Amino acid sequence: MDWLIIPGIIITCIGLALLSYTIMTIFRAKRQGLSEADMQAQLQVAITWNLGAMGCSGLGLMIVAVGVLL
């Protein structure tokens, strides 16, 4: 099932890119010295992106594992 491995790798890389984006967003918000309410709003958005990125990475890794096992 080699045809499952390549899409799984692509989906995993997309998830990793989204994780990098989330980390950079948090560092940027931290450097700006925002008020507590603004920082909390930024972190809530970052948490949403982080959950999506982790789900995307997990899904990609599951696809790769299924492709390797089959």
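Within segment 18-42, can you find the residues that are among the hydrophobic types (A, V, I, L, M, F, W, C) and touching a helix residue (DSSP H, G or I) at 6+ places or on another chain (Cβ under 7 Å)? Residues satisfying the conditions are Leu18, Leu19, Ile26, Ala29, Leu34, Met39. Within segment 23-57, restricting attention to residues that are over 28 Å from Val68 (Cβ atoms), polar (S, T, N, Q) and part of a helix (DSSP H, G or I), which residue is nearest to the chain's Cα centre (by Cα)? Only one residue fits best here, namely Thr48. The listed residues are Gly67, Gly15, and the only one of them that is in contact (Cβ under 8 Å) with a residue 60 or more places away in the chain and part of a helix (DSSP H, G or I) turns out to be Gly67.
Bear in mind these aren't lab numbers, they're just calculated from the coordinates by the rules spelled out. Model, not experiment: these values are computed from the prediction. Note: ideal-geometry Cβ built from the backbone for every residue, glycine included; neighbour counts use all protein chains shown.
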